[in-house]
Amino acid sequence: MRVTMIGTGYVGLVSGACFADFGHTVTCVDKDESKIARLQKGEIPIFEPGLDELVKDNVEQGRLFFTTDPKQAIRDADAVFIAVGTPSRRGDGHADLSYVYAAAEEIAGLMNGYTVVVTKSTVPVGTGDEVEAIIKKTRPDAEFAVVSNPEFLREGAAIGDFKRPDRVVVGGANDERAKHIMTELYRPLFLNETPIIFTERRTSELIKYAGNGFLAMKITFINEIADLCEEVGANVQEVAKGIGLDNRIGRKFLNAGPGYGGSCFPKDTLALMKTARDYKAPIELIETTVRVNTARKQKMAQKIIAALDGNVAGKTIAVLGLTFKPNTDDMRDAPALDIVPTLQAEGAKIRAFDPEGMTEAKHMLKDVQFASGAYDCVQNADAVVIITEWDQFRALDLDRMKDALKTPIVVDLRNIYSPPEMKAKGFKYFSVGRV
Ligand code: NAD
């Protein structure tokens, strides 16, 4: 199959490389010239484990191409994927669909012969209908289908998630040609018996939001249980294990922490909330989740301030981890972006280190001193705060860290250390939902 990917970001680049690895011929298009120039030179513009090798192999095999000019690629394609961003619209929280609609117009103007147009971007219910209307208006004669195929990959584990997903969802492949093309594209997954759900387009669009909404709610639930644990002297990790071993609940997404962030959950919960209100079917659980999670980041800043006896003015706080989770360089909506400025507003000086996120963080955080490594970061600091649980922070030499600190205060918002061990080493140690 010939595949064109419009948008070569975290989703478009990973999906494009994986489809090429499945044996298809893939052209990844992006309007960002510097991104395409880097890819054409063999450089990967994002940090995603294993992606450099995968891209290199498939480029060498002649199955993966990069361009800023979509003309030829769209003309030749069996399937054109829309994998552009759908950020929150300023002001009202709705998904901003302007990039999706611009891509639809571009595709309409260039497609040639039967084409499946696939929305891989996360888009609200009804977007597929609008994409179809745009294409019909521009090209009343065109032969095409608009299919929804939401993506569930996680940054940091994206290649494994794409190649071995729990399921693939395809919505609106109502004619035989569209179904055949979608089936061919995912053939390796059919062969290994990955469940593939063919459904209506609107159902498929809603599956993505319902999934992310549920996961955001699960995280928020355990965060609130963690707060209760602190009050009653219980241990949230053991509570999570105790409930998570119940198959109806499951163990994943039960790690208490500073609140969810990242490029998906915050914007997708907001968009789901807005869609539900628009259709006069508000989802109160999601509304509460959004409210509780937003407040949580302030609560975490207050927790840090309390650990320093209520006063951080003039004190140096070492922050380890800035990205919204480990193994990515993505800083979008990371909790650090709320926590750090709140500490600064109280007069704290921030020194930070993140293994992959600092290039991006430098544009997003002001007046932060960036360190070259974890030990450099903690040197002479009044306290250390762990915001992201990178593996390298789990393995720090705690004695060396204690010696480097001015006062041995550790606020661990990811529960990566053991409270008894930290106490035995003489730290004043604060974590989440454990006493
Ligand atoms: P991103 O911002 O990393 O990438 C989007 C890319 O699209 C950018 O490089 C941009 O330059 C390009 N683009 C925009 N308009 C274009 C056009 N008309 N022609 C060519 N290129 C264009 O975004 P992302 O994180 O890859 O997310 C894409 C979509 O996938 C979003 O809807 C997101 O919600 C969804 N999604 C993301 C993830 C994730 O983990 N990042 C997971 C699942 C789903």
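Table for the structure above
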| item | result |
| --- | --- |
| Check on Lys267, closer than 18 Å to Leu413 by Cα and touching a strand residue (DSSP E or B) at 6+ places or on another chain (Cβ under 8 Å) | no |
| Filter result for the condition that a residue is away from the ligand (no atom under 13 Å from the Cβ) and under 16 Å from Lys208 (Cα atoms), over Asp76, Asp92, Asp166 | Asp166 |
| Number of positions in the range 112-143 that are under 31 Å from the mean Cα position of the chain (by Cα) and not acidic (Asp, Glu) | 18 |
| Residues of the range 349-385 classified as of a type in the set (Gly, Ala, Ser) and in contact (Cβ under 8 Å) with a residue 40 or more places away in the chain, total | 4 |
| Filter result for Leu54 (within 15 Å of the ligand (Cβ to nearest atom), under 30 Å from Pro355 (Cα atoms), in the same structural domain as Val146 (by TED's automatic domain parsing) and part of a helix (DSSP H, G or I)) | no |
| Count of the range 323-372 residues which are outside any helix (DSSP H, G or I) and under 22 Å from Pro45 (Cα atoms) | 20 |
| Which numbered condition Ser98 fails, given (1) touching a residue at least 40 places away in the same chain (Cβ under 8 Å); (2) within 12 Å of the ligand (Cβ to nearest atom); (3) not basic (Lys, Arg) | (1) |
| Residues within the range 378-405 that are in contact with a Lys or Arg (Cβ under 9 Å, 6 or more places away or on another chain) and either in a strand (DSSP E or B) or not assigned by TED's automatic domain parsing to the domain that holds Met422 (or both), tallied | 2 |
| The listed residue being out of contact with any Cys (no Cβ under 7 Å at 6 or more places or on another chain), in the same structural domain as Ala79 (by TED's automatic domain parsing) and closer than 20 Å to Ala178 by Cα, out of Val11, Val26 | Val26 |
| The range 7-23, residues that are within 19 Å of the chain's Cα centre (by Cα) and either outside any helix (DSSP H, G or I) or near the ligand (Cβ under 7 Å from one of its atoms) (or both) | Gly7, Thr8, Gly9, Tyr10, Val11, Gly12 |
| Positions within the range 57-81 being outside any loop (DSSP other than H, G, I, E, B) and under 27 Å from the mean Cα position of the chain (by Cα), in sequence order | Asp57, Asn58, Val59, Leu64, Phe65, Phe66, Thr67, Ala79, Val80, Phe81 |
| Some residue of the range 416-426 being among the aliphatic types (A, V, I, L, M) and over 26 Å from Gln302 (Cβ atoms) | yes |
| Output for the range 187-211, where each listed residue is under 26 Å from Glu132 (Cα atoms) and among the β-branched types (Val, Ile, Thr) | Ile196, Ile197, Thr199, Thr203, Ile207 |
| Pick from the range 79-89, criterion touching a Ser or Thr at 6+ places or on another chain (Cβ under 8 Å) and within 13 Å of the ligand (Cβ to nearest atom), ranking: nearest to Arg177 (Cα to Cα) | Val80 |
| Matching residues in the range 151-161 - criterion: being surrounded by fewer than 22 Cβ atoms within 10 Å (Cβ to Cβ) and of a type outside the set (Asp, Glu) | Phe152, Leu153, Arg154, Gly156, Ala157, Ile159, Gly160 |
| Matching option when the condition is over 25 Å from Leu396 (Cβ atoms) and at pLDDT 95 or above, among Lys299, Lys315 | Lys299 |
| Filter result for Val3 (within 13 Å of the ligand (Cβ to nearest atom), under 27 Å from Ser98 (Cα atoms) and either among the charged types (D, E, K, R) or touching a residue at least 12 places away in the same chain (Cβ under 8 Å) (or both)) | no |
| Residue that is nearest to the ligand (Cβ to nearest atom), among those in the range 128-137 that are over 13 Å from Arg201 (Cβ atoms) and surrounded by 18 or more Cβ atoms within 10 Å (Cβ to Cβ) | Ile134 |
| In the range 39-96, residue farthest from Pro124 (Cα to Cα) [restricted to those that are among the polar types (S, T, N, Q) and surrounded by fewer than 17 Cβ atoms within 10 Å (Cβ to Cβ)] | Gln61 |
| Selection within the range 108-127 - over 22 Å from Glu200 (Cβ atoms), touching a Ser or Thr at 6+ places or on another chain (Cβ under 9 Å) and surrounded by 15 or more Cβ atoms within 10 Å (Cβ to Cβ) | Ala108 |
| Matching residues in the range 25-38 - criterion: being assigned to a loop (DSSP other than H, G, I, E, B) and surrounded by fewer than 17 Cβ atoms within 10 Å (Cβ to Cβ) | Asp32 |
| Qualifying position, being closer than 22 Å to Lys208 by Cα and either outside the structural domain of Cys28 (by TED's automatic domain parsing) or not charged (D, E, K, R) (or both), among Ile181, Ile107 | Ile181 |
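The values are calculated or read from the model by the stated rules, or taken from the named source; none is laboratory data. All figures in this text were calculated on a predicted structure; none of them were measured in a lab. Backbone-built Cβ (ideal geometry, glycine too); neighbour counts: all protein chains shown.
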